[in-house]
Amino acid sequence: MGSLEIPGNIWLAPMAGYTDAAFRSVCVQSGAPLCFTEMVSADALSRNNGTTLRLLARASNERLTGFQIFASDAVTAAAAVRRIASMAPAIIDLNCGCSVPKVLKTGCGAALLRTPALVGAIVAAMRAETDIPVTVKLRSGWDEGSINYLECAEEAVRAGASMVTLHARTRAQGFGGKVRMEHIRILKEKCASLVFGSGDLFTPQDCKTMLEKTRCDGIMIARGSLGNPFIFEQTEALLKAEGRPVTIDARQRLFAALEHLRMLSDSVGEEKACRDMRKHFVAYTKGMEGGAVIRQSVVNAETIAEYEQIVESYLRA
């Protein structure tokens, strides 16, 4: 993207409530070349909201970080870009795909799909404020009756977007059904910018299949990384003809979870970290033999020492 070089095309997608600095740090350790922060409000950024700005805090090992904003108009988006450009993100992405009702009712996220020209206008306003690459993330359309990702992508690229990421579901689908890879393939064939794919990427094989079937330039992994930051190095190994499979056992998974907890504690304090990590431990132990014991135990864990004791007891059993 211009002078920006990113050493890999398998990235961590933005996820509200999950892609904080601690989780991004774990993903970087596991091979993610670029990670996105949680999606943040352009309106809040334009007002210098401290809580929102803290969501953009970097992990110590992050070299390349993407910021994703949601906005309903060009003026607010431009003001947000002016505020965050000095924080040196590698990329600033416009969310045009969030299907959460509280975001939609403000005219943001996937609501922008209903007015492709507005997508272009917002991207143009963002580009006018910075030389940092501006990108967009789309869905296939509002619903089955309005599949318009090509039109939205064309408006964005014409306005200066360096990359388009497509989560090939409609807003109406949410996360139901299956991602439609043919939409990503068609977008890659017709789009003048870089194209990334997203959706249903839960295993290294899923990632390989999307890259091969769509010929997209890269992928963003979202839910497939939860409890499994190892998916980045595992996918890279699978894609290399000479690469050996990267296997992760229960001990490695749990030690990564504890490291994640400690980093989160450094950011938000031990009490909050221990509460927030409960959902992550559910993900880290999913499918693990005897993992239900850990999940039942961490519900009541209030200190790092208690988490460590739960893990040690499991590994000794």
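General remarks:
- For segment 294-304, the criterion of being within 23 Å of Ala59 (Cα to Cα), in contact with a helix residue (DSSP H, G or I) (Cβ under 9 Å, 6 or more places away or on another chain) and touching a residue at least 24 places away in the same chain (Cβ under 8 Å) is met by at least one residue.
- When segment 1-20 is filtered for residues that are over 27 Å from Arg139 (Cβ atoms) and in contact (Cβ under 8 Å) with a residue 24 or more places away in the chain, only Pro7 remains.
- Count - residues of segment 64-113 that are surrounded by fewer than 17 Cβ atoms within 10 Å (Cβ to Cβ), among the basic types (Lys, Arg) and touching a residue at least 24 places away in the same chain (Cβ under 8 Å): 1
- Matching residues in segment 191-204 - criterion: being more than 14 Å from Gly224 (Cα to Cα) and modelled with pLDDT of 95 or more: Leu194, Val195, Phe196
- Looking across segment 73-124, just one residue is closer than 24 Å to Asn48 by Cβ, among the charged types (D, E, K, R) and touching a Phe, Trp or Tyr at 6+ places or on another chain (Cβ under 8 Å), and that is Asp93.
- Qualifying position, being closer than 25 Å to Ile184 by Cβ and assigned to a helix (DSSP H, G or I), among Ile92, Ile122, Ile84: Ile122
- In segment 21-49, the residues that are assigned to a loop (DSSP other than H, G, I, E, B) and crowded, with 21+ Cβ neighbours inside 10 Å: Ala32, Leu34, Thr37, Met39
- Total residues in segment 270-297, condition in a helix (DSSP H, G or I) and either in contact with a Gly (Cβ under 6 Å, 6 or more places away or on another chain) or within 20 Å of Phe230 (Cβ to Cβ) (or both): 10
- Identity of the residue in segment 169-214, among the acidic types (Asp, Glu) and more than 23 Å from Val123 (Cα to Cα), that ends up surrounded by the most Cβ atoms within 10 Å (Cβ to Cβ): Asp200
The values are calculated or read from the model by the stated rules, or taken from the named source; none is laboratory data. These numbers were taken from a predicted model, which means no experiment stands behind them. Backbone-built Cβ (ideal geometry, glycine too); neighbour counts: all protein chains shown.
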